[in-house]
1. Using 10 Å bins from zero, what percent of all Cα-Cα pairs in region 246-324 falls into each bin?
2. Per 0.36 nm of contour for each residue apart, how much would the distance between residue 472 and residue 119 grow if the chain were fully extended, relative to their Cα-Cα spacing?
3. Express the accessible area of the chain per residue in Å², computed with a 1.4 Å probe while the remaining protein chains stay in the model.
4. Can you give me the orientation-averaged projected area of the convex hull built on the Cα atoms of region 139-221, in nm²?
5. Helix 155-168 versus the longest principal axis of the chain: what is the Cα-based angle in degrees, 0 to 90, to the nearest 10?
6. Which one, 259, 204, 226, is farthest towards the positive end of the dipole of the chain when Lys and Arg carry +1 and Asp and Glu -1 on their Cβ?
7. Hey, what did the chain get for relative contact order, percent, Cα under 8 Å, at least 6 apart?
8. Given a Förster distance of 30 angstrom, what is the FRET efficiency for residue 18 paired with residue 85, based on the Cβ-Cβ distance and rounded to 0.05?
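The values are calculated or read from the model by the stated rules, or taken from the named source; none is laboratory data. If you're wondering where the values come from, they're calculated on a predicted model, not measured in any experiment. All Cβ positions, glycine included, derive from the backbone under ideal geometry; neighbour counts span all protein chains shown. Keep in mind that these areas ignore ligands, DNA and RNA; they rest on the heavy atoms of the full protein, side chains included. Shrake-Rupley method; radii C 1.70, N 1.55, O 1.52, S 1.80 Å.
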Amino acid sequence: MTVIQPAASHFINGAYVEDTRGTPMPVLYPATGETIATLHAATPQLIEKAIESAKAAQPAWAALSGTERGRILRRAADIFRARNHELSVLETYDTGKPLQETLVADATSGADALEYFGSLSSSLTGEYIPLGGDWVYTIREALGLCVGIGAWNYPTQIACWKAAPALACGNAMIFKPSEVTPLCALKVAEILSEAGLPDGIFQVLQGAGEVGAPLVTDPRVDKVSLTGSVPTGKKVYAAAAAQMKHVTMELGGKSPMVVFEDANIDDAVGGAILGNFYSTGQVCSNGTRVYVHASIRDVFLKRLKERLGAVVMGDPQDEAVNFGPMVSAAQRDITLSYIAKGQAEGATLFHGGKAVDGKGFFIEPTVFTDVTDEMTIAREEIFGPVMCVLTFEEEAEVIARANASDYGLAAGVFTADLTRAHRVVGALEAGTCFINTYNLAPVEVPFGGVKSSGVGRENSKAAIEHYSQLKSVYVAMGPVDAPF
Ligand code: NDP
(Lines give C-alpha, C1' and ligand atoms only; values in the text may rest on other atoms or scores of the structure.)
Protein backbone atom coordinates (compact mmCIF):
# COMPACT_ATOMS: atom_id res chain seq x y z
CA MET A 1 0.00 0.00 0.00
CA THR A 2 1.26 3.45 -0.94
CA VAL A 3 1.68 6.13 1.71
CA ILE A 4 2.33 9.73 0.64
CA GLN A 5 2.18 11.41 4.03
CA PRO A 6 3.56 14.97 3.87
CA ALA A 7 5.76 16.28 6.69
CA ALA A 8 2.68 18.01 8.14
CA SER A 9 -0.73 19.30 7.06
CA HIS A 10 0.00 23.01 6.75
CA PHE A 11 2.81 25.30 5.66
CA ILE A 12 2.89 28.40 7.86
CA ASN A 13 5.55 31.08 8.21
CA GLY A 14 8.15 29.08 6.27
CA ALA A 15 7.67 25.70 7.96
CA TYR A 16 5.49 22.61 7.99
CA VAL A 17 3.07 22.82 10.91
CA GLU A 18 0.74 20.21 12.38
CA ASP A 19 -2.15 20.50 14.79
CA THR A 20 -3.87 17.15 15.23
CA ARG A 21 -6.80 18.82 17.00
CA GLY A 22 -8.08 19.80 13.53
CA THR A 23 -10.69 17.62 11.82
CA PRO A 24 -8.95 14.58 10.25
CA MET A 25 -8.88 14.67 6.43
CA PRO A 26 -8.12 11.28 4.86
CA VAL A 27 -6.58 11.60 1.39
CA LEU A 28 -7.63 8.83 -1.01
CA TYR A 29 -5.82 7.68 -4.15
CA PRO A 30 -8.64 7.86 -6.71
CA ALA A 31 -7.33 4.86 -8.66
CA THR A 32 -7.65 2.47 -5.71
CA GLY A 33 -9.69 4.24 -3.05
CA GLU A 34 -6.87 3.57 -0.56
CA THR A 35 -6.03 6.16 2.08
CA ILE A 36 -2.56 7.45 1.19
CA ALA A 37 -2.31 10.20 3.80
CA THR A 38 -4.23 11.72 6.67
CA LEU A 39 -4.10 15.47 7.20
CA HIS A 40 -5.89 17.72 9.66
CA ALA A 41 -7.98 20.78 8.91
CA ALA A 42 -6.62 24.07 10.20
CA THR A 43 -7.76 25.09 13.66
CA PRO A 44 -8.73 28.73 14.38
CA GLN A 45 -5.33 29.14 16.10
CA LEU A 46 -3.49 28.14 12.91
CA ILE A 47 -5.64 30.41 10.76
CA GLU A 48 -4.73 33.28 13.10
CA LYS A 49 -1.05 32.37 13.02
CA ALA A 50 -1.04 32.34 9.20
CA ILE A 51 -2.79 35.70 8.93
CA GLU A 52 -0.46 37.31 11.49
CA SER A 53 2.62 35.89 9.74
CA ALA A 54 1.44 37.18 6.38
CA LYS A 55 0.64 40.64 7.71
CA ALA A 56 4.05 40.87 9.39
CA ALA A 57 5.99 39.71 6.32
CA GLN A 58 4.16 41.40 3.43
CA PRO A 59 5.39 45.03 3.75
CA ALA A 60 9.06 44.01 3.45
CA TRP A 61 8.24 41.75 0.48
CA ALA A 62 6.42 44.60 -1.27
CA ALA A 63 9.37 46.90 -0.54
CA LEU A 64 11.80 44.70 -2.51
CA SER A 65 12.41 45.65 -6.11
CA GLY A 66 10.41 43.77 -8.72
CA THR A 67 13.66 42.29 -9.98
CA GLU A 68 14.42 40.80 -6.56
CA ARG A 69 10.92 39.33 -6.21
CA GLY A 70 11.03 38.03 -9.76
CA ARG A 71 14.37 36.31 -9.24
CA ILE A 72 12.86 34.18 -6.44
CA LEU A 73 9.84 33.23 -8.54
CA ARG A 74 12.02 32.28 -11.50
CA ARG A 75 14.28 30.22 -9.25
CA ALA A 76 11.18 28.37 -8.03
CA ALA A 77 10.19 27.76 -11.68
CA ASP A 78 13.58 26.14 -12.29
CA ILE A 79 13.15 23.88 -9.25
CA PHE A 80 9.69 22.87 -10.49
CA ARG A 81 11.12 21.89 -13.86
CA ALA A 82 14.03 19.98 -12.33
CA ARG A 83 11.61 18.01 -10.12
CA ASN A 84 8.86 17.63 -12.71
CA HIS A 85 8.74 13.84 -12.54
CA GLU A 86 8.43 13.67 -8.76
CA LEU A 87 5.82 16.46 -8.72
CA SER A 88 3.84 14.80 -11.50
CA VAL A 89 3.75 11.50 -9.61
CA LEU A 90 2.42 13.38 -6.59
CA GLU A 91 -0.20 15.20 -8.72
CA THR A 92 -1.33 11.81 -10.01
CA TYR A 93 -1.69 10.46 -6.46
CA ASP A 94 -3.57 13.61 -5.40
CA THR A 95 -6.00 13.71 -8.36
CA GLY A 96 -5.89 10.34 -10.16
CA LYS A 97 -5.07 12.07 -13.46
CA PRO A 98 -2.82 9.92 -15.70
CA LEU A 99 0.92 10.48 -15.30
CA GLN A 100 0.96 10.84 -19.09
CA GLU A 101 -0.98 14.10 -18.55
CA THR A 102 0.53 15.35 -15.31
CA LEU A 103 4.06 15.11 -16.73
CA VAL A 104 3.17 17.83 -19.25
CA ALA A 105 0.28 19.82 -17.77
CA ASP A 106 0.69 20.52 -14.08
CA ALA A 107 4.09 21.29 -12.53
CA THR A 108 5.14 22.53 -15.98
CA SER A 109 2.17 24.89 -16.14
CA GLY A 110 2.93 26.06 -12.59
CA ALA A 111 6.55 26.68 -13.62
CA ASP A 112 5.39 28.67 -16.64
CA ALA A 113 3.31 30.94 -14.39
CA LEU A 114 6.19 31.46 -11.95
CA GLU A 115 8.58 32.20 -14.79
CA TYR A 116 6.17 34.52 -16.62
CA PHE A 117 5.19 36.62 -13.60
CA GLY A 118 8.74 36.42 -12.24
CA SER A 119 9.87 38.00 -15.50
CA LEU A 120 7.10 40.58 -15.51
CA SER A 121 7.56 41.80 -11.94
CA SER A 122 10.58 44.00 -12.71
CA SER A 123 8.60 45.97 -15.28
CA LEU A 124 5.53 46.68 -13.15
CA THR A 125 5.37 50.44 -12.90
CA GLY A 126 2.95 53.31 -12.73
CA GLU A 127 2.77 55.99 -15.38
CA TYR A 128 3.44 59.70 -15.86
CA ILE A 129 0.45 61.75 -17.00
CA PRO A 130 1.30 65.28 -18.21
CA LEU A 131 -1.46 67.86 -17.73
CA GLY A 132 0.16 70.86 -19.40
CA GLY A 133 1.95 72.26 -16.35
CA ASP A 134 0.62 70.16 -13.49
CA TRP A 135 1.23 66.45 -13.74
CA VAL A 136 0.20 63.15 -12.20
CA TYR A 137 2.10 60.00 -11.53
CA THR A 138 0.59 56.68 -10.57
CA ILE A 139 2.05 54.13 -8.20
CA ARG A 140 1.19 50.46 -8.68
CA GLU A 141 0.79 49.06 -5.19
CA ALA A 142 0.24 45.58 -3.82
CA LEU A 143 -3.22 44.87 -2.38
CA GLY A 144 -1.77 43.30 0.79
CA LEU A 145 -2.98 39.86 1.84
CA CYS A 146 -4.66 37.67 -0.79
CA VAL A 147 -6.50 34.44 -0.12
CA GLY A 148 -6.47 31.76 -2.83
CA ILE A 149 -9.01 28.94 -2.71
CA GLY A 150 -8.64 26.06 -5.11
CA ALA A 151 -10.72 23.37 -6.80
CA TRP A 152 -9.49 19.76 -6.94
CA ASN A 153 -8.82 19.26 -10.65
CA TYR A 154 -5.50 21.12 -11.01
CA PRO A 155 -4.09 21.53 -7.48
CA THR A 156 -0.55 22.54 -8.50
CA GLN A 157 -1.56 24.70 -11.42
CA ILE A 158 -4.29 26.56 -9.52
CA ALA A 159 -1.93 27.32 -6.61
CA CYS A 160 0.71 28.67 -9.02
CA TRP A 161 -1.70 30.58 -11.26
CA LYS A 162 -2.83 32.48 -8.16
CA ALA A 163 0.46 32.72 -6.27
CA ALA A 164 2.66 33.85 -9.16
CA PRO A 165 0.87 37.12 -10.05
CA ALA A 166 0.01 37.82 -6.40
CA LEU A 167 3.62 37.48 -5.27
CA ALA A 168 5.02 39.29 -8.32
CA CYS A 169 2.94 42.32 -7.32
CA GLY A 170 4.23 42.25 -3.73
CA ASN A 171 1.29 40.58 -1.98
CA ALA A 172 1.29 37.73 0.52
CA MET A 173 -1.00 34.77 -0.15
CA ILE A 174 -2.68 32.19 2.04
CA PHE A 175 -3.82 29.29 -0.14
CA LYS A 176 -6.47 26.78 0.83
CA PRO A 177 -6.52 23.77 -1.49
CA SER A 178 -9.62 21.67 -2.00
CA GLU A 179 -9.86 19.19 0.85
CA VAL A 180 -10.04 16.44 -1.80
CA THR A 181 -6.55 17.23 -3.16
CA PRO A 182 -4.50 18.79 -0.37
CA LEU A 183 -1.03 17.44 -1.16
CA CYS A 184 0.34 19.42 -4.12
CA ALA A 185 0.00 22.96 -2.75
CA LEU A 186 2.29 21.99 0.14
CA LYS A 187 5.02 21.23 -2.41
CA VAL A 188 4.43 24.62 -4.04
CA ALA A 189 5.01 26.29 -0.66
CA GLU A 190 8.07 24.14 0.07
CA ILE A 191 9.67 24.94 -3.30
CA LEU A 192 8.96 28.66 -3.07
CA SER A 193 10.59 28.63 0.35
CA GLU A 194 13.60 26.74 -1.00
CA ALA A 195 13.86 29.32 -3.79
CA GLY A 196 14.26 32.04 -1.17
CA LEU A 197 10.72 33.32 -0.59
CA PRO A 198 10.58 35.06 2.80
CA ASP A 199 8.60 33.24 5.51
CA GLY A 200 4.91 34.10 5.64
CA ILE A 201 4.56 35.21 2.00
CA PHE A 202 3.03 32.00 0.66
CA GLN A 203 1.29 29.76 3.17
CA VAL A 204 -1.00 26.76 2.88
CA LEU A 205 -3.88 25.98 5.22
CA GLN A 206 -5.90 22.79 4.82
CA GLY A 207 -9.58 22.25 5.34
CA ALA A 208 -12.98 22.34 3.73
CA GLY A 209 -15.30 25.31 3.25
CA GLU A 210 -15.26 25.99 7.00
CA VAL A 211 -11.58 26.98 6.75
CA GLY A 212 -12.12 28.97 3.55
CA ALA A 213 -15.06 30.95 4.93
CA PRO A 214 -13.27 32.65 7.89
CA LEU A 215 -10.38 33.56 5.59
CA VAL A 216 -12.78 35.22 3.17
CA THR A 217 -14.46 37.26 5.90
CA ASP A 218 -11.38 38.26 7.90
CA PRO A 219 -11.03 42.06 7.67
CA ARG A 220 -7.24 41.73 7.32
CA VAL A 221 -7.67 39.96 3.97
CA ASP A 222 -7.70 42.30 0.96
CA LYS A 223 -8.48 39.98 -1.91
CA VAL A 224 -10.05 36.58 -2.55
CA SER A 225 -9.34 34.49 -5.64
CA LEU A 226 -11.52 31.41 -5.94
CA THR A 227 -11.49 28.57 -8.43
CA GLY A 228 -14.61 26.53 -7.90
CA SER A 229 -18.24 26.00 -8.78
CA VAL A 230 -20.78 28.74 -9.46
CA PRO A 231 -22.78 28.16 -6.23
CA THR A 232 -19.61 28.44 -4.11
CA GLY A 233 -18.50 31.43 -6.20
CA LYS A 234 -21.74 33.27 -5.47
CA LYS A 235 -21.35 32.67 -1.73
CA VAL A 236 -17.70 33.70 -1.63
CA TYR A 237 -18.23 36.73 -3.88
CA ALA A 238 -21.09 37.94 -1.65
CA ALA A 239 -19.02 37.47 1.52
CA ALA A 240 -16.08 39.37 -0.02
CA ALA A 241 -18.35 42.13 -1.32
CA ALA A 242 -19.65 42.78 2.20
CA GLN A 243 -16.18 44.16 3.00
CA MET A 244 -15.53 45.57 -0.50
CA LYS A 245 -12.66 43.14 -1.08
CA HIS A 246 -11.16 42.56 -4.52
CA VAL A 247 -12.13 39.23 -6.09
CA THR A 248 -11.23 36.91 -8.92
CA MET A 249 -13.82 34.20 -9.55
CA GLU A 250 -12.84 31.32 -11.86
CA LEU A 251 -16.01 29.27 -11.95
CA GLY A 252 -17.70 26.55 -13.92
CA GLY A 253 -18.94 26.26 -17.47
CA LYS A 254 -21.04 24.39 -20.01
CA SER A 255 -19.12 25.47 -23.03
CA PRO A 256 -20.21 24.96 -26.64
CA MET A 257 -18.05 23.57 -29.41
CA VAL A 258 -19.40 24.15 -32.92
CA VAL A 259 -18.33 21.87 -35.78
CA PHE A 260 -19.28 23.24 -39.21
CA GLU A 261 -19.73 21.06 -42.28
CA ASP A 262 -16.38 22.13 -43.79
CA ALA A 263 -14.35 21.31 -40.65
CA ASN A 264 -11.41 18.93 -40.69
CA ILE A 265 -13.19 16.00 -39.07
CA ASP A 266 -10.13 14.53 -37.39
CA ASP A 267 -9.24 17.88 -35.82
CA ALA A 268 -12.83 18.39 -34.69
CA VAL A 269 -12.99 14.91 -33.17
CA GLY A 270 -9.60 15.51 -31.54
CA GLY A 271 -10.86 18.81 -30.11
CA ALA A 272 -13.99 17.13 -28.80
CA ILE A 273 -11.87 14.42 -27.15
CA LEU A 274 -9.55 17.00 -25.56
CA GLY A 275 -12.51 19.12 -24.51
CA ASN A 276 -14.45 16.28 -22.89
CA PHE A 277 -12.15 13.50 -21.78
CA TYR A 278 -8.80 15.07 -20.82
CA SER A 279 -8.45 14.83 -17.03
CA THR A 280 -11.45 12.48 -17.18
CA GLY A 281 -13.68 15.39 -18.10
CA GLN A 282 -12.86 17.36 -14.94
CA VAL A 283 -11.90 20.63 -16.65
CA CYS A 284 -13.85 23.85 -16.18
CA SER A 285 -13.52 25.04 -19.79
CA ASN A 286 -14.62 21.75 -21.36
CA GLY A 287 -16.66 21.96 -24.54
CA THR A 288 -19.37 19.62 -23.33
CA ARG A 289 -22.06 20.77 -25.77
CA VAL A 290 -20.73 19.60 -29.13
CA TYR A 291 -22.90 21.09 -31.90
CA VAL A 292 -22.20 19.15 -35.10
CA HIS A 293 -23.64 20.24 -38.44
CA ALA A 294 -26.37 17.75 -39.32
CA SER A 295 -24.76 16.91 -42.68
CA ILE A 296 -21.58 15.53 -41.02
CA ARG A 297 -23.10 14.00 -37.91
CA ASP A 298 -22.66 10.39 -39.01
CA VAL A 299 -19.07 10.73 -40.17
CA PHE A 300 -18.20 12.67 -36.98
CA LEU A 301 -19.70 9.96 -34.77
CA LYS A 302 -18.05 7.15 -36.74
CA ARG A 303 -14.62 8.71 -36.32
CA LEU A 304 -15.29 9.49 -32.65
CA LYS A 305 -16.25 5.87 -31.99
CA GLU A 306 -13.06 4.64 -33.67
CA ARG A 307 -10.88 6.93 -31.61
CA LEU A 308 -12.63 6.00 -28.37
CA GLY A 309 -11.36 2.49 -29.05
CA ALA A 310 -7.87 3.79 -28.18
CA VAL A 311 -8.81 4.67 -24.58
CA VAL A 312 -6.48 2.98 -22.11
CA MET A 313 -7.89 2.90 -18.58
CA GLY A 314 -5.92 1.61 -15.64
CA ASP A 315 -3.35 2.59 -13.04
CA PRO A 316 -2.73 6.27 -13.81
CA GLN A 317 0.89 5.95 -12.64
CA ASP A 318 1.44 3.75 -15.74
CA GLU A 319 2.48 6.11 -18.52
CA ALA A 320 0.61 4.03 -21.12
CA VAL A 321 -2.71 4.86 -19.43
CA ASN A 322 -4.53 7.81 -21.03
CA PHE A 323 -7.78 7.86 -19.05
CA GLY A 324 -7.81 7.90 -15.26
CA PRO A 325 -10.45 7.63 -12.53
CA MET A 326 -12.60 10.48 -11.31
CA VAL A 327 -11.24 12.36 -8.32
CA SER A 328 -13.65 10.91 -5.75
CA ALA A 329 -16.54 8.50 -5.26
CA ALA A 330 -18.80 11.52 -4.76
CA GLN A 331 -17.86 13.05 -8.12
CA ARG A 332 -18.25 9.66 -9.84
CA ASP A 333 -21.73 9.28 -8.35
CA ILE A 334 -22.75 12.80 -9.45
CA THR A 335 -21.63 11.92 -12.98
CA LEU A 336 -23.52 8.61 -12.93
CA SER A 337 -26.66 10.41 -11.79
CA TYR A 338 -26.37 12.79 -14.78
CA ILE A 339 -25.92 9.81 -17.11
CA ALA A 340 -29.11 8.30 -15.69
CA LYS A 341 -30.91 11.63 -16.21
CA GLY A 342 -29.71 11.80 -19.80
CA GLN A 343 -31.20 8.37 -20.49
CA ALA A 344 -34.41 9.17 -18.63
CA GLU A 345 -34.87 12.40 -20.62
CA GLY A 346 -34.51 10.60 -23.96
CA ALA A 347 -30.91 11.11 -25.09
CA THR A 348 -29.26 8.15 -26.82
CA LEU A 349 -26.34 6.59 -24.96
CA PHE A 350 -23.90 6.25 -27.86
CA HIS A 351 -20.81 5.17 -25.91
CA GLY A 352 -19.82 4.22 -22.35
CA GLY A 353 -22.08 5.22 -19.49
CA LYS A 354 -21.00 2.80 -16.78
CA ALA A 355 -18.82 2.84 -13.72
CA VAL A 356 -16.00 0.32 -13.93
CA ASP A 357 -16.15 -2.54 -11.44
CA GLY A 358 -13.30 -2.95 -9.02
CA LYS A 359 -11.22 -0.56 -7.03
CA GLY A 360 -11.09 3.16 -7.66
CA PHE A 361 -13.50 5.72 -9.03
CA PHE A 362 -13.39 4.81 -12.72
CA ILE A 363 -16.17 5.59 -15.13
CA GLU A 364 -16.23 5.02 -18.89
CA PRO A 365 -15.86 7.94 -21.30
CA THR A 366 -19.46 8.61 -22.22
CA VAL A 367 -21.10 10.10 -25.32
CA PHE A 368 -24.77 10.98 -25.69
CA THR A 369 -26.34 11.70 -29.09
CA ASP A 370 -29.81 13.02 -29.92
CA VAL A 371 -29.36 15.55 -27.14
CA THR A 372 -31.62 18.61 -27.13
CA ASP A 373 -30.88 21.98 -25.54
CA GLU A 374 -33.56 21.52 -22.88
CA MET A 375 -32.15 18.30 -21.43
CA THR A 376 -30.48 18.52 -18.02
CA ILE A 377 -27.23 17.06 -19.41
CA ALA A 378 -27.07 19.90 -21.97
CA ARG A 379 -27.71 22.65 -19.41
CA GLU A 380 -25.87 21.74 -16.20
CA GLU A 381 -22.16 21.38 -15.61
CA ILE A 382 -21.47 17.67 -14.99
CA PHE A 383 -17.70 17.89 -14.42
CA GLY A 384 -17.19 14.33 -15.57
CA PRO A 385 -16.44 12.54 -18.87
CA VAL A 386 -19.81 13.06 -20.54
CA MET A 387 -20.01 14.51 -24.06
CA CYS A 388 -23.33 15.70 -25.45
CA VAL A 389 -23.60 15.70 -29.25
CA LEU A 390 -26.29 17.97 -30.68
CA THR A 391 -26.96 18.83 -34.32
CA PHE A 392 -27.69 22.14 -36.08
CA GLU A 393 -28.45 23.43 -39.57
CA GLU A 394 -27.73 27.18 -39.65
CA GLU A 395 -24.98 29.45 -38.35
CA ALA A 396 -27.34 31.98 -36.73
CA GLU A 397 -29.29 29.15 -35.11
CA VAL A 398 -26.20 27.54 -33.57
CA ILE A 399 -24.87 30.87 -32.25
CA ALA A 400 -28.18 31.56 -30.51
CA ARG A 401 -28.27 28.05 -29.04
CA ALA A 402 -24.62 28.18 -27.97
CA ASN A 403 -25.24 31.47 -26.14
CA ALA A 404 -28.44 30.30 -24.43
CA SER A 405 -26.63 29.41 -21.20
CA ASP A 406 -25.94 31.18 -17.93
CA TYR A 407 -22.32 30.13 -18.31
CA GLY A 408 -19.71 31.77 -20.52
CA LEU A 409 -16.30 30.32 -19.83
CA ALA A 410 -15.12 29.03 -23.23
CA ALA A 411 -16.29 28.16 -26.74
CA GLY A 412 -14.82 26.47 -29.80
CA VAL A 413 -15.38 26.65 -33.55
CA PHE A 414 -14.15 24.15 -36.13
CA THR A 415 -14.36 25.33 -39.73
CA ALA A 416 -12.14 25.80 -42.78
CA ASP A 417 -13.80 29.16 -43.50
CA LEU A 418 -11.64 31.86 -41.88
CA THR A 419 -14.23 34.58 -42.20
CA ARG A 420 -16.91 32.47 -40.63
CA ALA A 421 -14.57 31.42 -37.79
CA HIS A 422 -13.94 35.03 -36.75
CA ARG A 423 -17.55 36.08 -37.28
CA VAL A 424 -18.81 33.26 -35.07
CA VAL A 425 -16.31 33.74 -32.22
CA GLY A 426 -17.17 37.44 -32.34
CA ALA A 427 -20.77 36.52 -31.55
CA LEU A 428 -20.10 33.83 -28.93
CA GLU A 429 -20.49 34.85 -25.27
CA ALA A 430 -17.35 33.36 -23.74
CA GLY A 431 -14.16 34.48 -22.02
CA THR A 432 -11.95 32.26 -24.19
CA CYS A 433 -12.66 31.09 -27.74
CA PHE A 434 -10.77 28.51 -29.75
CA ILE A 435 -10.62 28.25 -33.53
CA ASN A 436 -9.77 24.77 -34.83
CA THR A 437 -8.42 23.57 -31.48
CA TYR A 438 -9.66 23.32 -27.91
CA ASN A 439 -8.61 23.81 -24.27
CA LEU A 440 -5.16 25.30 -24.61
CA ALA A 441 -4.34 27.75 -21.81
CA PRO A 442 -0.80 29.14 -22.06
CA VAL A 443 0.21 31.60 -19.35
CA GLU A 444 0.57 34.49 -21.84
CA VAL A 445 -3.20 34.42 -22.53
CA PRO A 446 -5.94 35.90 -20.31
CA PHE A 447 -8.14 33.16 -18.83
CA GLY A 448 -11.54 33.65 -17.24
CA GLY A 449 -15.26 33.70 -17.84
CA VAL A 450 -18.19 35.96 -18.62
CA LYS A 451 -21.75 35.70 -17.27
CA SER A 452 -21.96 33.23 -14.36
CA SER A 453 -18.56 31.72 -15.18
CA GLY A 454 -16.71 34.37 -13.28
CA VAL A 455 -15.15 37.74 -12.73
CA GLY A 456 -11.59 38.79 -13.49
CA ARG A 457 -8.83 37.12 -15.47
CA GLU A 458 -5.97 34.85 -14.53
CA ASN A 459 -2.66 34.62 -16.40
CA SER A 460 -1.22 37.20 -18.83
CA LYS A 461 -0.65 40.87 -18.09
CA ALA A 462 -4.37 41.13 -17.32
CA ALA A 463 -3.84 39.29 -14.02
CA ILE A 464 -1.64 42.14 -12.79
CA GLU A 465 -4.70 44.41 -12.72
CA HIS A 466 -6.37 41.97 -10.34
CA TYR A 467 -3.46 41.74 -7.87
CA SER A 468 -2.47 45.41 -7.65
CA GLN A 469 -4.09 48.81 -7.32
CA LEU A 470 -3.15 52.24 -8.57
CA LYS A 471 -2.51 55.29 -6.43
CA SER A 472 -2.70 58.56 -8.39
CA VAL A 473 -0.54 61.44 -7.19
CA TYR A 474 -1.48 64.91 -8.46
CA VAL A 475 1.45 67.35 -8.49
CA ALA A 476 0.68 71.06 -8.75
CA MET A 477 3.33 73.22 -10.37
CA GLY A 478 1.70 76.62 -9.66
CA PRO A 479 -0.44 78.51 -7.15
CA VAL A 480 -3.76 77.07 -5.88
CA ASP A 481 -6.67 78.71 -7.67
CA ALA A 482 -9.50 78.70 -5.05
CA PRO A 483 -12.92 80.42 -5.60
CA PHE A 484 -12.68 82.47 -2.40
P1 NDP B 1 -16.33 23.88 -5.06
O2 NDP B 1 -17.03 25.11 -5.47
O3 NDP B 1 -17.09 22.83 -4.37
O4 NDP B 1 -15.10 24.26 -4.11
C5 NDP B 1 -14.09 25.17 -4.50
C6 NDP B 1 -13.27 25.54 -3.28
O7 NDP B 1 -14.03 26.41 -2.43
C8 NDP B 1 -12.87 24.35 -2.42
O9 NDP B 1 -11.57 24.56 -1.92
C10 NDP B 1 -13.91 24.42 -1.32
O11 NDP B 1 -13.47 23.75 -0.16
C12 NDP B 1 -14.02 25.90 -1.10
N13 NDP B 1 -15.24 26.36 -0.44
C14 NDP B 1 -16.46 25.76 -0.41
N15 NDP B 1 -17.34 26.52 0.27
C16 NDP B 1 -16.68 27.64 0.68
C17 NDP B 1 -17.04 28.81 1.41
N18 NDP B 1 -18.28 29.00 1.86
N19 NDP B 1 -16.09 29.75 1.65
C20 NDP B 1 -14.83 29.58 1.17
N21 NDP B 1 -14.43 28.49 0.48
C22 NDP B 1 -15.34 27.53 0.22
O23 NDP B 1 -15.64 23.34 -6.40
P24 NDP B 1 -14.93 21.95 -6.65
O25 NDP B 1 -13.74 21.83 -5.75
O26 NDP B 1 -15.95 20.88 -6.66
O27 NDP B 1 -14.36 22.17 -8.14
C28 NDP B 1 -15.12 21.98 -9.27
C29 NDP B 1 -15.65 23.31 -9.80
O30 NDP B 1 -14.55 24.21 -10.04
C31 NDP B 1 -16.34 23.17 -11.13
O32 NDP B 1 -17.51 23.93 -11.14
C33 NDP B 1 -15.34 23.74 -12.11
O34 NDP B 1 -15.91 24.21 -13.29
C35 NDP B 1 -14.69 24.80 -11.32
N36 NDP B 1 -13.37 25.12 -11.88
C37 NDP B 1 -13.20 26.34 -12.50
C38 NDP B 1 -11.99 26.64 -13.11
C39 NDP B 1 -11.78 27.96 -13.76
O40 NDP B 1 -10.62 28.38 -13.86
N41 NDP B 1 -12.79 28.66 -14.22
C42 NDP B 1 -10.88 25.68 -13.12
C43 NDP B 1 -11.17 24.47 -12.39
C44 NDP B 1 -12.37 24.21 -11.81
P45 NDP B 1 -13.72 22.15 0.00
O46 NDP B 1 -14.08 21.61 -1.34
O47 NDP B 1 -12.42 21.67 0.46
O48 NDP B 1 -14.84 22.04 0.97
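1. Going out from 0 Å in 10 Å bins, region 246-324 shows 17, 41, 28, 11, 2 percent.
2. Length difference between fully extended and current span is 124.6 nm.
3. 39
4. Quarter of the Cα hull surface area: 5.4 nm².
5. Computed tilt is about 30 degrees.
6. Value computed over the given set: 204.
7. 18
8. Values: r = 27 Å, r/R0 = 0.91.
Efficiency, from the Cβ-Cβ distance: 0.65.
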